[in-house]
Amino acid sequence: MEIYKFAYQIIQEAGQIIRDSIDDDIQIETKSNPNDLVTNIDKETEERLFNQIKSTYPEHRILGEEGHGTDIDNTEGVLWIVDPIDGTLNFVHQQENFAISIGIFIDGEKYAGFVYDVMNDKMYHAIAGKGAWLNNEQLKPLEDTDLKTSLISTNPLWLTKEKLAKIYMPIVDQARSTRAYGSAALDFANVAKGNTSAYLTMRLHPWDFAGGLIIAEEVGAVVTNQLGEQLNILEANSILIGNKKIHQELLNEYFLPYKTMLEQIHTERFKGK
Ligand code: IPD
Ligand code: CA
Ligand code: CA
Ligand code: CA
């Protein structure tokens, strides 16, 4: 419980600092490609969280998107998986619709998840086995839905890829409607809240999904990759999350008919990563 309260507090403080400086000039750099941005705020937020965790719990380990814990290859002890700003493009272009995401694992077991929608001061949080909340309000168990009466979310980019379009186009076509939010952590939170019924994407890293995974599972969401396999919290993977019924429908009727092709894509994309 102490770790949970501490995490809650340092995430809120980090969010407050970001809100206070939201109108300041930011330094933007590119990473792997011209659309993969990182700012000084991403780096400073991760650094601050890292220093606070380490000064309170020196033995805890931290895996962060912006460079901490690159040598971590096992889940022993207490492991914090941190995305200081999830939705950096929203942060840069909109100054809103981004989140701080943290998942905490103890000896590989889920312990606590946090997704903090900074500009709206909305903290999604969960303790594994005890429930999930949005601020002080407990989130309800998810209701089953069908694709044809559901809102889903995905990145439209996947529809432009020839092979994936075969899978994604019928899903988008059959859904009631599709949303694209630009923050995977908030996509998980939206499913946990019941705002959307499913979220599907071809590639997330552990820091994108670690916090949201714990929150969403607490309300009964099913979270796997697109082959129906469990996620490994140290590895990148494809993602399929939804209430139990829509997850099963998407997996059995839309993804698994393309199992061979998907297995090949997964091997190419994720082997050894
Ligand atoms: C990104 C966001 C985005 C998702 C990307 C992620 P970042 O994280 O979650 O929604 O589609 O795959 O990399 O880089 O803004 O932390
Ligand atoms: Ca990034
Ligand atoms: Ca992210
Ligand atoms: Ca990030």
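Within region 51-70, the set of residues being under 19 Å from the mean Cα position of the chain (by Cα) and not aliphatic (A, V, I, L, M) comprises GLY64, GLU65, GLU66, GLY67, HIS68, GLY69, THR70. Filtering ASN232, ASN225 for residues that are closer than 17 Å to ILE152 by Cα and not hydrophobic (A, V, I, L, M, F, W, C) leaves a single hit, ASN225.
Would you please name the residue that is nearest to ASP36 (Cα to Cα), looking only at residues in region 69-107 that are within 12 Å of ligand 1 (Cβ to nearest atom), among the aliphatic types (A, V, I, L, M) and surrounded by 16 or more Cβ atoms within 10 Å (Cβ to Cβ)? Among those that are within 12 Å of ligand 1 (Cβ to nearest atom), among the aliphatic types (A, V, I, L, M) and surrounded by 16 or more Cβ atoms within 10 Å (Cβ to Cβ), it is VAL92.
Residue-wise test of (1) among the hydrophobic types (A, V, I, L, M, F, W, C); (2) within 14 Å of ligand 3 (Cβ to nearest atom); (3) modelled with pLDDT of 95 or more.
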{"site": "PRO170", "(1), (2), (3)": "no, no, yes"}
{"site": "ARG179", "(1), (2), (3)": "no, no, yes"}
{"site": "SER183", "(1), (2), (3)": "no, yes, yes"}
{"site": "LEU186", "(1), (2), (3)": "yes, yes, yes"}
{"site": "ALA189", "(1), (2), (3)": "yes, yes, yes"}
{"site": "ALA192", "(1), (2), (3)": "yes, no, yes"}
{"site": "LEU200", "(1), (2), (3)": "yes, no, yes"}
{"site": "ARG203", "(1), (2), (3)": "no, yes, yes"}
{"site": "GLY212", "(1), (2), (3)": "no, yes, yes"}
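Residues of region 65-84 that are touching a residue at least 60 places away in the same chain (Cβ under 8 Å), touching an Asp or Glu at 6+ places or on another chain (Cβ under 9 Å) and either outside any strand (DSSP E or B) or within 11 Å of ligand 2 (Cβ to nearest atom) (or both): GLU65, THR75, ASP83, PRO84. Between SER238, SER197, the distinction of being away from ligand 1 (no atom under 16 Å from the Cβ) and in contact with a helix residue (DSSP H, G or I) (Cβ under 7 Å, 6 or more places away or on another chain) belongs to SER197 only. Filtering region 13-68 to residues that are crowded, with 18+ Cβ neighbours inside 10 Å, away from ligand 3 (no atom under 16 Å from the Cβ) and of a type in the set (A, V, I, L, M) leaves only ILE53. Within region 129-172, the set of residues being buried (at least 19 other Cβ atoms within 10 Å of the Cβ) and within 30 Å of ILE106 (Cα to Cα) comprises ALA132, LEU139, LEU142.
For region 27-64, the set of residues classified as more than 16 Å from ligand 2 (Cβ to nearest atom), touching a residue at least 24 places away in the same chain (Cβ under 8 Å) and touching a His at 6+ places or on another chain (Cβ under 9 Å) consists of PHE50, ILE53, listed by residue number. Taking region 85-116 as the search range and keeping residues that are away from ligand 2 (no atom under 16 Å from the Cβ) and over 17 Å from the mean Cα position of the chain (by Cα), which one is farthest from THR56 (Cα to Cα)? Out of the qualifying residues, it is GLN95.
Per the listing ALA184, ALA210, ALA192, ALA221, the residue uniquely buried (at least 17 other Cβ atoms within 10 Å of the Cβ), in contact with an Asp or Glu (Cβ under 7 Å, 6 or more places away or on another chain), in contact (Cβ under 8 Å) with a residue 60 or more places away in the chain and not acidic (Asp, Glu) is ALA184. I'd like the residue in region 102-157 that is part of a strand (DSSP E or B) and small (Gly, Ala, Ser) and, out of all such residues, is farthest from ASP208 (Cα to Cα). Restricting to residues being part of a strand (DSSP E or B) and small (Gly, Ala, Ser), the top hit is GLY131. Selection over region 193-222 of residues that are more than 16 Å from ligand 2 (Cβ to nearest atom), in a helix (DSSP H, G or I) and farther than 14 Å from LEU139 by Cα gives a count of 1. Between ASN190, ASN225, ASN232, the distinction of being closer than 29 Å to LEU63 by Cα, under 11 Å from the mean Cα position of the chain (by Cα) and away from ligand 2 (no atom under 16 Å from the Cβ) belongs to ASN190 only.
The values are calculated or read from the model by the stated rules, or taken from the named source; none is laboratory data. On a predicted model such as this, the values are computed, not experimentally measured, just so you know. So basically every Cβ, Gly included, is an ideal-geometry build from the backbone, and we count neighbours across all protein chains shown.
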